[in-house]
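First the structure, in the form of structure tokens, and then the observations on it.
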Amino acid sequence: MEKVLITGAAGFLGSHLCDKFIKEGFQVIGMDNFITGDKKNISHLLDNPLFQFIEHDVTEFIKIEGELDYILHFASPASPIDYLKIPIQTLKVGSLGTHNLLGLAKAKNARLLIASTSEVYGDPLVHPQTEEYYGNVNTIGPRGVYDEAKRFQESITMAYHRFHGLETRIVRIFNTYGPRMRLNDGRVIPAFMGQALRGEDLTVFGDGMQTRSFCYVSDQVDGIYKLLFSDYSNPVNIGNPHEITIKDFAEEIIKLTGTDQKITYKELPKDDPLQRQPDITLAKKLLGWEPKVGREEGMLKTFNYFKSLTKDELYKSEHKDFSKHIRK
Ligand code: NAD
Ligand code: UDP
């Protein structure tokens, strides 16, 4: 039986990847330090004989007994508010964490797939974004800690691939959503859904004319799975090209949730990309992949998830407390 290590297993994408690999008959080791994740996301797996969980910070040396066939490195804060609050941890998990996982992959002769991001394109001057575009990133801006960690992550991964001949894969993930996103992580979908459910106004940043393109989690997981088993080691965009402005999106959410909330406008965060849409020509050609779940269907599933949260969870809207992870 083949064995896969998934870092960031207690997070949104990591937990769905654990489910997918278990469903496909792999033995899965999940690793997480819970900095932005939640035990609840993997509680249904803890008694499964195919699943083992290790609580560990991947920026520290990683020891795994026995053989390992695949590693998926998904540990990293992913929400702009999270990585603004824990900038050093964000830089470390993308750099030192990735270095540790590359070393582990080399020692085990395992194939490593790293979670990169559309943020490597920064505030893009090319639209839609193809893999050839080098990006427009402000290295010293607030988002730089995430963007540059991910860019370094891609560079060191390609260096291990070229220098050591390691089998590597790089997925550039565009905004992905679905059940198990943290309600208070600050990303736009949980933010709007939480606000609608609590009867609050929806907070649109800037004039709401900035665009995003949202991919449902099952499509993202399928794309990642196909990429891992392809023989392509350069980066591949995985996302849904259906683009929408944030203002129109807020209106869609109001309609979907059947609420009559108003929209209030807040300041646009610095370096917030003005447009984002993946060009997925490469993924289509290489992997025979394209998204299947439309926004209406995906949002409804996601809304049903948020609706199922307890009142306590819904009203505990303050940001996660990171203090125990921060060394003074
Ligand atoms: P998430 O915050 O839900 O999950 C990240 C997980 O990583 C959390 O469980 C967290 O506790 C864990 N983690 C963070 N630092 C760690 C460390 N040092 N050691 C061990 N565990 C650690 O975020 P997500 O949306 O699931 O994102 C997962 C990955 O996908 C990230 O690498 C992110 O950059 C990438 N990504 C996600 C999106 C998206 O739209 N969801 C877009 C682009 C890239
Ligand atoms: N956004 C917003 N209101 C919110 C949260 C986010 O208008 O309450 C905007 C944000 O400024 C950005 C877009 O929604 O333009 C997507 O933000 P998110 O944090 O989800 O991820 P990003 O794509 O910026 O990484």
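Just so you know, all these numbers are worked out from the coordinates, no wet-lab data involved. Every value quoted in this text rests on a predicted model; they were computed, and no experiment measured them. Neighbour counts run over all protein chains shown; Cβ positions are idealised from the backbone, glycine included.
Observations on the structure shown:
- Only Cα pairs under 8 Å and 6+ residues apart enter the sum, and on that basis the relative contact order of the chain stands at 17 percent.
- Dipole of the stretch 151-229 [Lys/Arg +1, Asp/Glu -1 at C-beta], most positive-end residue of G178, F163, M209: F163
- Calculated on C-alpha atoms, the gyration radius of the stretch 1-52 divided by its Kirkwood radius gives an Rg/Rh of 0.93.
- Counting only lysines at least 8 places from K262 when in the same chain, those with an alpha carbon closer than 30 Å to its own are K85, K247, K270, K301, K307, K311, K316, K320.
- Once the Cα-Cα distance is subtracted from the 0.36 nm per residue extended length, the I244 to L274 segment shows a gain of 9.7 nm.
- Over 21 Å [Cα-Cα, the stretch 172-260], rounded percent: 39 percent
- Spin-label proximity, E252 to the stretch 194-208 - amide N less than 19 Å from point 7 Å beyond Cα toward beta carbon: 194-197, 202-208
- Lys, Arg +1 and Asp, Glu -1 on Cβ, resulting dipole of the stretch 1-119 about Cα centre, debye, nearest 20: 160 debye
- Förster-model FRET efficiency, 41 Å R0, E318 and T130, C-beta, rounded to 0.05: 0.55
- Shape parameters for the stretch 246-328, alpha-carbon atoms, Rg then Dmax in Å: 18.1, 49
- Put simply, the convex hull of the Cα atoms in the chain casts, on average, a shadow of 16.0 nm².
- Solution diffusion estimate, µm²/s, Stokes-Einstein, the stretch 32-171, Kirkwood Rh from C-alpha pairs, 37 °C, viscosity 0.692 mPa s: 204 µm²/s
- Taken about its Cα centre, the chain carries a charge dipole of about 420 debye when Lys and Arg each add +1 at the Cβ and Asp and Glu each add -1 at the Cβ.
- Charge dipole (debye, nearest 20) of the stretch 182-328; +1 at Cβ of Lys and Arg, -1 at Cβ of Asp and Glu: 500 debye
- Of the GluC sites (Glu not before Pro) found in the stretch 233-283, those that fall in a DSSP loop while having at most 16 other beta-carbon atoms within 10 Å are E267.
- Of all lysines in the structure, the ones whose alpha carbon falls short of 16 Å from that of K23, not counting any fewer than 8 places away in one chain, are K3, K226.
- Here the Karplus relation 6.51 cos²θ - 1.76 cosθ + 1.60, evaluated at θ = phi - 60°, turns the backbone of the stretch 165-177 into coupling constants of x, 5, 6, 10, 9, 10, 9, 9, 8, 9, 2, 10, 9 Hz, with x for every Gly and Pro.
- The amide H of T117, built 1.01 Å from its N in the peptide plane, has I173 as neighbours under 5 Å, considering only residues 5 or more places off or on other chains.
- Sites N109 and I326 - FRET efficiency at Förster radius 35 Å, r taken between beta-carbons, to 0.05: 0.45
- Ordering of 100-108, 21-29 by packing [mean C-beta count within 10 Å, highest first]: 100-108, 21-29
- Take each peptide in 88-97, 134-143, count the other Cβ atoms within 10 Å of every residue, and average; sorted highest first, the result is 88-97, 134-143.
- Those GluC sites (Glu not before Pro) in the stretch 100-132 that DSSP places in a loop and that have at most 13 other beta carbons within 10 Å: E132
- Cut-off under 5 Å, modelled amide H: who pairs with I71 long-range: L5, R111, L112, L113
- By the rule of a C-alpha distance below 15 Å, with chain neighbours fewer than 8 residues away ignored, the aspartates and glutamates paired with K266 are E200, D201, D207.
- Ordering G8, I54, I42 by Cα displacement along the dipole of the stretch 5-70 toward the positive end leaves I42 in first place; charges were set at the Cβ atoms of Lys, Arg (+1) and Asp, Glu (-1).
- Per residue, the chain reaches -10500 deg cm²/dmol at 222 nm when only DSSP H runs of four or more residues are counted, each adding -39500 (n - 2.57).
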